[in-house]
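Please read the structure below before turning to the comments.
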Amino acid sequence: MPRIAIAGFQHETNSLGTGRAGLAEFEMADSWPRLLAGPEVVEETRGMNLPIAGFAAAALAAGADLHPVLWCAAEPSGPVTDTAFDTIAARIIDGLRQAGPLDALYLDLHGAMITDSHADGEGALLARIRSRVGPRLPVAVSLDMHANVSARLVALADVICIYRTYPHLDMAETGARAWDCLARMLAGARPAKAFRPAGFVVPLHAQHTGAEPARGLYAGLTDTSDRHVELALGFTAGDTPDVGPSVIAHAPTQAEADRLADAALARLHAARDRFATGLARPDAAVAAAMAERSDKPVILADVQDNPGAGASSDTTGLLRALVAAGAQRALLGLMHDPALAALAHAAGAGAVIAGAMGGRSGLAEDRPYRGRFRVVALSEGKVRYGGAMYGGGIGTLGPSCALRLEDTAADITVVVTSIRNQCLDLAQFTHFGLDPAAARIVAVKSTAHFRADFEPIAARVIPVAAPGLFPCTESAGSAPFANH
């Protein structure tokens, strides 16, 4: 029975993003669970669509002796503080020491972590871990599809598995694949690896695997019992030398790994100009939504204000366009505004409050929306997800509310939260008694994760270029940072 330690440390860092990820941000619950330690890692993620849950389920089913150390994640933001990184890394290393002799290690990482001191957070973490466990212990790593993979990380890990869907419906499945790879290593098959960075970038909204060319690229990846190719499409808001897509190939020999990696990279370059990178202006998007004749709602994706990519989730550009057009039966979420949520809770359901909504991103083109709002519903913000991506988990929104705009001819209701959460599950509206399927327009602060739960109810989806701290307006090949 192999003795395997497991741990997870996830952060997707937006170099332009709001705030920083300190220790408190990793300890708290938000879109994902709070920091978990010891047996909690397995017990409190069981059945969830998380890589560590998929790995644990597959490994336990095969009879492995698991030693869970720690798992944590913080909502995407600006860089991880040195205090948070050093503290969590030390806890992981101390847990490995306490676990005693090990046969292998599995790490649930993201691949786009930047800290105050490290442009490659995962590479720095794995270097510290290797200094504890040595160069020979088999180490399997799972990464997010948006990883900005470094050569250092590839060199320090024995095998890497990467999500293949966006929205990420296969996170648990990716963890299970990592177990399969690790099990083969424990049986004596140590693969050769080949790494190929692509040298260009793809905006996040264009990486949706429900459309070409991403769908075909992932469907065409080699995946057999002893050969597999992994593709990361990168995270454009991470200002590091490693930003952008990359390919990792694993095979029995170096020559075959090189051949597989070169072939996959060639397919990626051939698809470069086929990624759909266009975005609609807010006024044009709202006009198109209002002209839609379907009984189903039009989904307007506020892709540049996605908190799941480190944005503030409080810009008002799309909201203003809805108001200006007199939009009817419109919902918008999730607007991050703790002060306004507190004001609503103090006033009570049914009350009309006056105040400023959002607009605190610091962007020159953004400002608060000032008005009067009727308190439609109140909640302490524990929302049970029902969609395919996070179903079974609980989102923590903090004290939150649904507010209907007054003093306007438009009919718009906004869900306001105290904790940033990406709008990606219908429950984030239905929890407040709102029915997205009955709306005419649903505006979501998300880039693509919303598609899993919202597309089935939608007439169409329109990605919108409203102001936000997550730039998506660059074409494939250009990054939002001058030094790249």
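Could you tell me whether Ala74 is closer than 29 Å to Leu469 by Cβ, in the same structural domain as Leu23 (by TED's automatic domain parsing), small (Gly, Ala, Ser) and at pLDDT 95 or above?
When the stated conditions are applied, Ala74 passes them.
Within the stretch 29-47, take every residue that is surrounded by fewer than 17 Cβ atoms within 10 Å (Cβ to Cβ) and out of contact with any strand residue (DSSP E or B) (no Cβ under 7 Å at 6 or more places or on another chain) and give me the one that is farthest from Cys72 (Cα to Cα).
Of everything passing the filter in the stretch 29-47, Gly47 is farthest from Cys72 (Cα to Cα).
For every residue, the table says whether it meets (1) touching a helix residue (DSSP H, G or I) at 6+ places or on another chain (Cβ under 7 Å); (2) in contact (Cβ under 8 Å) with a residue 24 or more places away in the chain; (3) part of a loop (DSSP other than H, G, I, E, B); (4) buried (at least 22 other Cβ atoms within 10 Å of the Cβ).
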site	(1), (2), (3), (4)
Cys401	yes, yes, no, yes
Asp407	no, yes, yes, no
Val416	yes, yes, no, yes
Ile419	no, yes, yes, yes
Gln422	yes, yes, yes, yes
Gln428	no, yes, no, yes
Val442	yes, yes, no, yes
Ser446	yes, yes, yes, yes
His449	yes, yes, yes, yes
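Here is a check on your reading of the model: is Gly123 in the same structural domain as Arg215 (by TED's automatic domain parsing) and either touching a residue at least 40 places away in the same chain (Cβ under 8 Å) or surrounded by fewer than 17 Cβ atoms within 10 Å (Cβ to Cβ) (or both)?
For Gly123, the condition - in the same structural domain as Arg215 (by TED's automatic domain parsing) and either touching a residue at least 40 places away in the same chain (Cβ under 8 Å) or surrounded by fewer than 17 Cβ atoms within 10 Å (Cβ to Cβ) (or both) - is not met.
Given the condition under 30 Å from Leu469 (Cα atoms) and in contact with a strand residue (DSSP E or B) (Cβ under 6 Å, 6 or more places away or on another chain), answer yes or no: does some residue in the stretch 132-141 qualify?
Yes, that holds for at least one residue.
Of the numbered conditions (1) out of contact with any Gly (no Cβ under 9 Å at 6 or more places or on another chain); (2) crowded, with 20+ Cβ neighbours inside 10 Å; (3) assigned to a strand (DSSP E or B), Phe373 satisfies every one except a single condition; which is it?
(1)
Of all the residues that make up the stretch 107-151, how many are of a type in the set (S, T, N, Q) and in contact with a Phe, Trp or Tyr (Cβ under 6 Å, 6 or more places away or on another chain)?
Qualifying residue count, the stretch 107-151: 2.
Can you pull out the strands (runs of 3 or more DSSP E) entirely within the stretch 240-340 that have at least 2 residues that are in the same structural domain as Gln428 (by TED's automatic domain parsing)?
Because the criterion is at least 2 residues that are in the same structural domain as Gln428 (by TED's automatic domain parsing), the strands (runs of 3 or more DSSP E) in the stretch 240-340 that meet it are 298-302, 330-336.
Restricting the stretch 197-239 to residues that are in contact with a Phe, Trp or Tyr (Cβ under 7 Å, 6 or more places away or on another chain) and in a loop (DSSP other than H, G, I, E, B), which is nearest to Arg184 (Cα to Cα)?
Thr209
Can you report the number of residues in the stretch 252-262 which are out of contact with any strand residue (DSSP E or B) (no Cβ under 6 Å at 6 or more places or on another chain) and surrounded by 16 or more Cβ atoms within 10 Å (Cβ to Cβ)?
Here the count works out to 1.
Six or more apart or on different chains, Cβ atoms under 8 Å: show the pairs whose first residue is in the stretch 457-473 and within 7 Å of Gln304 (Cβ to Cβ) and whose second is part of a strand (DSSP E or B).
Within 8 Å, the pairs are Ala465/Ala280; Ala466/Asp302; Gly468/Asp302; Cys472/Pro463.
For the stretch 94-140, name all the residues that are hydrophobic (A, V, I, L, M, F, W, C) and part of a loop (DSSP other than H, G, I, E, B).
Leu102, Met113, Ile114, Ala119, Leu137
Restricting the search to the stretch 61-77, which residues are in contact (Cβ under 8 Å) with a residue 12 or more places away in the chain and farther than 21 Å from Leu125 by Cβ? Walk me through how you get there before you give the answer.
Within the stretch 61-77, the first condition is being in contact (Cβ under 8 Å) with a residue 12 or more places away in the chain, and the residues that meet it are 62-77.
Residues satisfying the conditions are Ala62, Gly63, Ala64, Asp65.
Just checking, does the stretch 156-169 include any residue being in a loop (DSSP other than H, G, I, E, B), farther than 19 Å from Leu233 by Cα and in contact with a Pro (Cβ under 6 Å, 6 or more places away or on another chain)?
Yes - at least one qualifying residue is present in the stretch 156-169.
Looking at (1) more than 23 Å from the chain's Cα centre (by Cα); (2) under 29 Å from His11 (Cβ atoms); (3) not hydrophobic (A, V, I, L, M, F, W, C), which is the one condition that is false for Pro241?
Of everything listed in (1) more than 23 Å from the chain's Cα centre (by Cα); (2) under 29 Å from His11 (Cβ atoms); (3) not hydrophobic (A, V, I, L, M, F, W, C), Pro241 misses just condition (1).
Report yes if Leu221 is of a type outside the set (Lys, Arg) and buried (at least 19 other Cβ atoms within 10 Å of the Cβ), otherwise no. Show your work before the answer.
Values: of a type outside the set (Lys, Arg): yes; buried (at least 19 other Cβ atoms within 10 Å of the Cβ): no.
No; evaluated as a whole, the condition is false for this residue.
Would a scan of the stretch 285-295 turn up a residue that is of a type in the set (Ser, Thr, Tyr) and touching a Pro at 6+ places or on another chain (Cβ under 7 Å)? Spell out how you get there, then give the answer.
At the first step, the residues of the stretch 285-295 found to be of a type in the set (Ser, Thr, Tyr) are 294.
If we keep only those that are touching a Pro at 6+ places or on another chain (Cβ under 7 Å) too, we end up with none.
Scanning the stretch 285-295, I find no residue that is of a type in the set (Ser, Thr, Tyr) and touching a Pro at 6+ places or on another chain (Cβ under 7 Å), so the answer is no.
The values are calculated or read from the model by the stated rules, or taken from the named source; none is laboratory data. These numbers come from a predicted model, not from an experiment. Positions of Cβ are generated from backbone atoms using ideal geometry, with glycine treated the same way; all protein chains shown enter the neighbour counts.
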